Each structure stands twice: as C-alpha cells, then as structure tokens.
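The next block holds one structure in the form of structure tokens; read it before the comments.
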Amino acid sequence: MIKSSLKVLGIVCSFMLGSCATMQKAAIEPVDQVNPYMGNISHLLVPTYPTMHLPNGMLRVYPERNDYTGVRLRGLPVAVTSHRGSSAFSLNPYQGPASGLRSVIKYSYDQEKITPYSYSVYLDEQEMDVRYGLASQAALYEIDFGRREDSYLVISSRQGEIKWDGEALSGYQELANNTRIYVYIAPETQPSKVSVLQEGKLSAGTAATGREASMVLEYPASQQSLRVRYGISFIDAAQAKQNMQREVAGKSIAELQNQARKQWNEALGKISIEGGSADERMVFYTSLYRTFERPVNITEDGRYFSAFDGKVHQTERNFYTDDWIWDSYRAHHPLNVLIDPAKEEDILHSFVLMARQMDRFWLPTFPEITGDSRRMNSNHGVATLLDAWQKGLRNFDLKAGYEAAKNAITEKTLAPWSAAPAGELDRFYKEKGFIPALRPGEGEYIPEVNSFERRQAIAVTLGTAYDQWALAGIADELGYAADAKYFKEKSYNYRNLFNPKTGFFHPKDSAGNFIEPFDYKFAGGMGARDYYGENNAWTYQWDVQHNVADLISLMGGREAFLKNLDQLFEEPLGRSKFDFYAQLPDQTGNVGQFSMANEPSLHIPYLYNYAGQPWKTQKMIRFLVDTWFRNDLMGVPGDEDGGGMSAFVVFSQLGFYPVTPGMPVYNIGSPVFEKAVVDLGNGKEFRIIAKNYDPEHKYIQSARLNGKEWNKPWFSHEDISNGGELELTMGLKPNKNWGTAVEAAPPSLK
C-alpha cells in the first residue's frame with residue numbers, strides 16, 4: 001500500500017510539475033520575448049536604441065547616451081522627436097548643493113531595466129530610484145529620493161521656452177521647418193520654490209527662453225518621492241495638457257504599464273510562432289517590435305499639425321509621418337499590408353495628403369516630423385502605392401497618389417538629397433535613359449547635385465527604372481494606357497548601363513562611353529557615391545528587383561547568373577577591413593562583397609530562386625540571419641532604420657519574403673519555426689508549417705500550398721489573402737530538384 005501510495009503521489013507530482021511547466025510556458029507572452037538592447041552596440045555606424053513607446057505611438061523615449069557602453073545618462077528623456085534623434089526636453093532630479101544644478105545632468109546609473117513599455121533605473125551617485133510608464137502621447141515618472149535633504153527637479157528645453165503657471169510647467173522646443181514640440185508637465189506635489197536656471201545660476205522668475213531654457217522646482221527634505229505626469233503635442237501646450245489628462249491623469253505606473261503591455265501583446269500577437277530556440281524567438285519578436293517604431297501616428301484628438309504646410313488640420317483618419325521610405329518600402333510596408341492593412345491604408349493616405357500640402361504636388365520621399373527631408377535617391381513611395389493596391393487595399397486615393405508620384409519622378413530633380421525642380425541632369429535622363437557620371441577629376445557643374453551625396457549615377461538610374469515600372473503598373477490599374485506604355489518602356493533603362501563584358505552596371509559619361517579603367521569595389525569616393533550609393537558595384541549588380549528574368553538574360557543565362565551570384569558571397573574585400581570600411585562604412589555585415597547591413601542587399605539571397613537553385617536561397621537565408629541577427633548587444637549588423645531591416649528578419653524567419661514590392665508575390669526561403677500563424681484580419685490566417693522540423697533541417701524537400709502539391713519557390717498574395725497554409729517538409733540536406741524548373745521561377749516583368 002505504501003508503495004502504491006508513493007507511486008500515485010509520484011504520478012500526481014509529475015502531473016503537477018508538468019502543469020506548472022505548461023502554465024509557465026503559457027505565461028510567456030510576445031512582449032516578454034522582446035529584447036530592446038539587441039543591437040545597442042553598433043558594428044560601425046549607428047546602434048539600435050532601446051525605445052519605449054506604444055505601437056506607432058507619438059511619444060518615443062530611450063535613455064540618452066551614445067550607445068549601450070555610455071556610462072552616463074544625459075538627463076531623463078521626455079520625448080524623442082525623430083527616429084535616432086535626441087530628447088527634445090530633459091527632466092533632471094537632483095539632490096545636493098545648488099551649485100551642482102545643470103540644464104542637463106549627467107547621471108551615473110545602474111540596475112537599468114527596459115521593456116517596450118517600461119523603464120526603471122537606479123541613479124547611484126544621486127541615490128535615486130526612477131520608474132517610468134507611458135501611453136501614446138503622455139507619460140509618468142516616479143522618483144524616489146534616497147537622501148534626506150532638499151531636492152530639485154530641473155526641466156529644460158534645448159531651444160525654446162519653459163514657463164510655470166502656478167500649477168504646472170509648459171513650453172516648447174523649436175525644431176526645423178517652423179515645427180515645434182510642446183510639453184505640459186504637472187508634478188503631483190507642488191514645489192516650495194520655482195526658479196530659473198541660467199548658466200548654472202538660479203534666479204527668481206517663472207519663465208525661461210532660448211538655448212537650454214531651464215526651470216527648477218525645489219522640494220524640502222521631507223519630500224521622499226515625486227510623481228511627474230506630462231503630455232506632449234505638436235499642436236500647442238493646451239493640447240499637450242489635454243493629451244496628459246486623457247491618457248495618464250489619475251493613473252499609476254503599474255496601470256500605465258499594464259495597459260501598454262496589453263497593447264504590445266495585441267500588436268506583436270498578430271504573428272504567433274512555435275518551435276525554434278529561445279534566442280530565435282527573441283530575435284523574431286524584437287525585430288517585429290522595431291517595425292512598430294515608425295511611422296508615427298501624430299493625430300491628437302482628431303487634429304494634427306503638418307510640417308508639410310505648417311498648419312493644424314482636422315481629420316477623421318490617423319495621420320502618419322516619420323517614414324524613411326527608401327529603407328521601409330522593401331519589407332516594412334509589405335509587412336504592414338499583411339498584418340495591418342487598415343494602418344497601411346492610413347499611411348498611404350497620409351502620403352497623398354503630404355503631397356497636397358506641400359508647395360509642389362510631389363510624393364514625399366523621406367517624410368519626417370519636420371516635413372519631407374528628400375533624403376536618399378529615387379522615389380520608392382510609388383512602389384508602396386502599387387504594392388498595397390495589387391494586394392487588395394483600396395482605402396486611399398490611388399489616382400491622386402499616381403499624380404503625385406508621377407510629378408515627383410518627372411518634375412523634381414533625380415539628383416539625390418535634393419528638392420530642386422528637374423534640371424539638366426533630368427533632361428539628360430529623359431533623353432538618353434541614364435544618369436551621366438563624371439570622369440575622375442571632372443568638376444561638378446550641376447547646381448542641384450549635393451556636394452557630399454554626389455550624382456550616384458548608377459543607383460539613381462536603376463532606382464528610377466524601378467520607380468517607372470511601378471508608375472506603369474499604377475497607370476495600367478487606372479486605365480492610363482499611354483502612360484503605362486511609356487513608363488514600362490522607361491523601366492528598362494537599367495539596360496543602358498549594363499556592361500556585358502563584366503556583368504556589372506557600369507557608369508557612362510555624357511558621351512555614352514563607359515568610364516574606364518574602373519574599380520567595381522572602390523571607385524566613386526566615399527560610399528561610392530559618385531556612381532552608386534552607400535554600397536559599391538557588387539551590391540548594385542542586383543538592383544533590378546522588377547525584372548530579375550531580364551537581368552538573368554543580360555548576364556548570359558542561368559549558369560552565368562548563378563556564377564556571378566556565388567562570386568558575390570565569395571569575393572574578398574580587396575583591402576584591409578580598416579581601409580574597406582573607411583570608404584564604405586555602410587557596407588558592413590559582409591559575406592564576401594555581400595552586405596547584410598544595408599537595405600539594397602536584402603533581396604539578393606532570394607535571387608537563387610529565379611535561376612533554378614532555391615536550395616541556395618534556403619542555405620544563405622538561414623546562414624545570414626543566424627550569423628548577423630542575434631539576441632545580444634551586437635546582434636544587428638548595421639543601421640536599423642526604424643523597421644526597414646527588421647522587417648527583413650521577420651519575413652525571413654517566417655520563411656518567405658517580398659522581393660519586388662509592387663508585385664503581389666512572395667519568394668519562399670527557409671522557415672526558422674515549426675509553426676507560424678499570421679493574423680490577416682477578419683478571422684483569416686496564413687499558416688506556415690515546417691514538417692519534419694528540426695533546427696538543422698533548413699532545406700525544403702517538398703511543399704504543399706493550401707493542401708495541393710507545390711513545386712514553385714514562390715506564391716502569390718492572392719494564394720493567401722483569404723487565409724491559407726504553406727506546408728514545407730524540411731530535411732538536413734538539400735533537395736536540388738525542388739522548385740528548379742524554368743517555369744517555376746518567380747514572375748518578372750516580361
């Protein structure tokens with residue numbers, strides 16, 4: 001009986017332990033698998049930042065320091081006005097002699113903990129504990145003073161005004177282009193004294209203006225803790241106060257954090273995953289979290305301030321800005337189309353509104369809080385319009401978008417980083433079909449060309465050909481037959497710079513002659529900008545996303561194409577790392593000449609699918625993601641431009657990728673997880689199932705799409721738009737016959 005009882009007890013204990021393990025596993029929610037510190041130490045250029053915000057929220061905050069290795073915090077941040085920008089206002093608790101007061105205090109810190117929705121830190125020299133919770137446009141700081149002595153709270157604006165009205169502080173910071181960010185800050189406990197801080201000295205007053213405008217709130221030694229609520233606005237201080245009252249008034253840190261946690265789980269939960277390692281799941285959800293940092297919704301109670309015309313507008317729809325389209329069109333926008341089409345429609349609607357609000361009816365290229373900065377080259381917003389429309393989104397004005405895009409490509413100069421009207425460079429492109437390059441030593445004579453960014457002759461020619469393909473697609477949708485024909489013809493302009501002897505896109509001078517001798521790795525100066533853009537010719541050899549089939553033909557067929565593609569990943573740097581990166585600092589994350597760290601490379605590993613070797617796409621994608629995207633402080637290989645690169649990781653870990661935005665097609669790669677479910681909305685789901693799953697099984701043996709045998713390394717958006725299932729049977733070694741037929745290749749422009 002004793003033995004039987006012990007046996008039963010063992011079964012019960014085992015059952016209970018199993019249940020506890022199951023419960024513990026179930027308790028891990030998507031937001032718990034986000035590591036905001038991933039990539040906070042950069043390989044070379046800009047790191048990621050551990051940003052606290054709600055999905056696409058206007059209020060974004062992160063500790064202000066150079067990167068993770070910064071041992072001092074520059075105050076407590078209040079609001080970051082742009083992706084990778086500094087905080088507009090600074091909040092600085094302080095205990096000590098008044099002579100130590102500064103507009104921005106540099107804190108020694110420890111025990112920092114960050115999630116997407118919360119922050120806590122111990123300011124060790126000051127002996128203060130700080131906790132933080134936020135909403136979309138307002139937040140709450142809670143400060144515990146560790147010493148029994150008088151305390152101060154310094155609030156500063158970098159350039160603007162701060163004033164005290166007897167109950168709260170309000171003010172603004174001047175940004176660019178006549179744009180201001182406003183703040184309303186309400187301490188829960190009223191101060192015993194209020195002063196102005198200027199050049200380290202206190203004086204009587206209730207307002208401070210100018211550079212480092214600072215107000216100081218003083219509290220007695222008996223004040224052991226302080227709660228400070230605030231709201232921000234791009235409209236005015238009254239709206240900032242209203243945002244604060246609406247979102248955080250009367251709420252505790254815990255309440256704000258619980259609300260924000262729920263919103264994050266709803267956003268991240270649009271994709272559920274099973275299998276994979278804990279680190280792989282962390283990389284996935286961290287990457288997905290970064291895709292929600294931009295663009296930002298700046299709608300405040302049915303109004304928004306637009307820097308595109310300097311006015312406050314009434315609106316019934318959300319208005320989004322701060323979207324670096326050159327980076328985000330490739331995978332970020334297609335991801336929005338898939339998991340949040342209503343939001344994407346609002347974003348595209350915002351693009352059209354921006355174009356209407358500007359002096360010229362041109363589609364934006366780099367819309368920011370302060371207006372369109374016109375950075376980078378080309379105008380790939382046109383591809384986002386076509387991509388959404390081809391995938392069934394309709395709640396935006398395609399006709400107006402087309403007109404704005406057409407104007408931006410034909411009336412604005414094609415010169416990078418310029419908002420000037422079309423000039424001589426553009427007339428040449430229209431007539432000859434390529435951007436002419438300068439020979440070494442030849443001085444620039446076209447005024448709209450940026451002195452640093454240069455002409456980027458190859459990058460602009462190839463990028464504009466892609467944009468004109470997208471214009472042709474929209475014109476065709478709208479029934480503009482003549483425009484469709486014209487822009488389709490222009491979409492082949494990349495051919496004008498292809499050098500059949502070398503297989504590279506090679507710059508020509510204004511006489512139409514190839515510039516020789518020529519170094520495909522290092523010609524073009526800093527960032528190869530005379531001819532390319534941030535990357536050298538080895539990257540731009542593949543920049544024909546809309547017509548890969550024609551690129552294969554230009555290179556001499558499948559065998560030559562595959563040989564060139566293999567060589568990309570094998571070709572040595574050609575110089576020491578010190579010399580290579582001194583000239584090409586954006587081209588990091590190298591595998592041979594391939595750069596995992598810069599957006600023009602993202603589609604390249606999928607190109608094996610077009611030439612009969614999809615197994616190599618499967619191999620390279622798994623290798624690249626595993627190598628360069630890791631759950632650690634250096635786990636991002638280059639600049640993560642607010643979701644552009646992270647969306648590549650999200651797609652690639654799921655097992656598919658949109659090589660050609662504007663074409664409703666996805667290339668199949670190699671799924672990292674045993675099962676993934678994408679919530680398409682309206683009760684529809686797209687499931688990716690990896691049969692015979694094992695972490696080492698990266699090669700597809702066979703496939704079924706929606707229950708039918710599938711022998712193509714791609715599928716269409718239509719195949720999954722009403723829900724569907726991609727079932728991939730995986731194996732340890734490649735099946736070199738699956739998906740290899742010529743007719744199985746993904747579609748291209750014919």
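If I ask for residues that are farther than 15 Å from Ile185 by Cβ, part of a loop (DSSP other than H, G, I, E, B) and of a type in the set (S, T, N, Q), which ones from the stretch 135-159 would you list?
Ser136
Being at pLDDT 95 or above and part of a loop (DSSP other than H, G, I, E, B), is that true of even one residue in the stretch 254-263? Steps first, please.
Taking the stretch 254-263 as the starting set, the residues that turn out to be at pLDDT 95 or above are 254-263.
Those left that are additionally part of a loop (DSSP other than H, G, I, E, B): none.
Within the stretch 254-263, none of the residues are at pLDDT 95 or above and part of a loop (DSSP other than H, G, I, E, B).
Kindly state which strands (runs of 3 or more DSSP E) lie completely within the stretch 19-134 and contain at least 3 residues that are at pLDDT 95 or above and crowded, with 22+ Cβ neighbours inside 10 Å.
In the stretch 19-134, the matching strands (runs of 3 or more DSSP E) lie at 89-95, 128-134.
Cβ-Cβ below 8 Å, separation at least six or inter-chain, first residue in the stretch 290-305 and not assigned by TED's automatic domain parsing to the domain that holds Ile232, second part of a strand (DSSP E or B) and among the β-branched types (Val, Ile, Thr): which pairs?
Listed pairs, sorted by first residue: Pro295/Thr321; Val296/Thr321; Ile298/Thr321; Arg303/Val312; Tyr304/Val312; Phe305/Val312.
So, in the stretch 676-707, exactly how many residues are farther than 20 Å from Arg622 by Cα and assigned to a strand (DSSP E or B)?
The qualifying residues number 9.
Go over the candidates Lys501, Lys488, Lys521 one by one and state the one that is touching a residue at least 12 places away in the same chain (Cβ under 8 Å), basic (Lys, Arg) and in a loop (DSSP other than H, G, I, E, B).
Result of the check over Lys501, Lys488, Lys521: Lys521.
Please work out which residue is nearest to Asp467 (Cα to Cα), limiting yourself to the stretch 525-561 and to residues that are touching a Gly at 6+ places or on another chain (Cβ under 9 Å), surrounded by 18 or more Cβ atoms within 10 Å (Cβ to Cβ) and small (Gly, Ala, Ser).
Among those that are touching a Gly at 6+ places or on another chain (Cβ under 9 Å), surrounded by 18 or more Cβ atoms within 10 Å (Cβ to Cβ) and small (Gly, Ala, Ser), it is Gly533.
Asp467 is checked against (1) within 24 Å of the chain's Cα centre (by Cα); (2) assigned to a loop (DSSP other than H, G, I, E, B) and fails just one. What number does that condition carry?
Against the list (1) within 24 Å of the chain's Cα centre (by Cα); (2) assigned to a loop (DSSP other than H, G, I, E, B), Asp467 comes up short only on (2).
Pairs needed: first member in the stretch 690-705, among the charged types (D, E, K, R); second member anywhere, surrounded by fewer than 20 Cβ atoms within 10 Å (Cβ to Cβ) and part of a strand (DSSP E or B); C-beta distance under 6 Å; at least 6 residues apart or different chains.
Listed by first residue and then by second, the contacts come to Lys691/Thr729; Arg704/Glu727.
Name the residue that is nearest to Phe351 (Cα to Cα), counting only residues in the stretch 409-437 that are small (Gly, Ala, Ser) and surrounded by fewer than 24 Cβ atoms within 10 Å (Cβ to Cβ).
Of all residues in the stretch 409-437, those small (Gly, Ala, Ser) come to 415, 418-420, 422-423, 433, 437.
This time we only want the ones that are surrounded by fewer than 24 Cβ atoms within 10 Å (Cβ to Cβ), so: 418-420, 422-423, 433.
On the way: Ser418: 18, Ala419: 16, Ala420: 19, Ala422: 21, Gly423: 25, Gly433: 28 Å.
So, considering only residues that are small (Gly, Ala, Ser) and surrounded by fewer than 24 Cβ atoms within 10 Å (Cβ to Cβ), the one nearest to Phe351 (Cα to Cα) is Ala419.
Do we have Ile162 as more than 32 Å from the chain's Cα centre (by Cα), in contact (Cβ under 8 Å) with a residue 40 or more places away in the chain, under 27 Å from Asn40 (Cα atoms) and in a strand (DSSP E or B) here?
Criteria not met by Ile162.
Could you please tell me which pairs satisfy a Cβ distance under 7 Å, a separation of 6+ or placement on different chains, a first residue in the stretch 555-571 that is closer than 12 Å to Gly503 by Cβ, and a second residue that is part of a loop (DSSP other than H, G, I, E, B) and of a type in the set (Gly, Ala, Ser)?
Qualifying pairs under 7 Å: Met555/Gly503; Asn564/Gly503; Leu568/Gly592.
Go through (1) closer than 16 Å to Pro93 by Cα; (2) of a type outside the set (S, T, N, Q); (3) surrounded by 13 or more Cβ atoms within 10 Å (Cβ to Cβ) one by one and return the number of the condition Gly231 breaks.
Failing condition for Gly231: (1).
Of all residues being basic (Lys, Arg) and part of a loop (DSSP other than H, G, I, E, B) in the stretch 387-442, which is farthest from Thr365 (Cα to Cα)? Just the residue, please.
Filtering first and then ranking leaves Arg439.
Which residues, counting only those in the stretch 375-392, are closer than 28 Å to Glu174 by Cβ and either acidic (Asp, Glu) or surrounded by fewer than 22 Cβ atoms within 10 Å (Cβ to Cβ) (or both)?
Arg375
Just checking, how many residues over the stretch 631-649 are surrounded by fewer than 24 Cβ atoms within 10 Å (Cβ to Cβ) and part of a helix (DSSP H, G or I)?
0
Taking Ala176, is it out of contact with any Leu (no Cβ under 6 Å at 6 or more places or on another chain) and outside any strand (DSSP E or B)?
In short, yes.
Restricting to the stretch 587-624, name every residue that is of a type in the set (Val, Ile, Thr) and crowded, with 23+ Cβ neighbours inside 10 Å.
Ile604, Thr617, Ile621
The values are calculated or read from the model by the stated rules, or taken from the named source; none is laboratory data. Remember, it's a predicted structure, so these values are computed and weren't measured experimentally. So basically every Cβ, Gly included, is an ideal-geometry build from the backbone, and we count neighbours across all protein chains shown.
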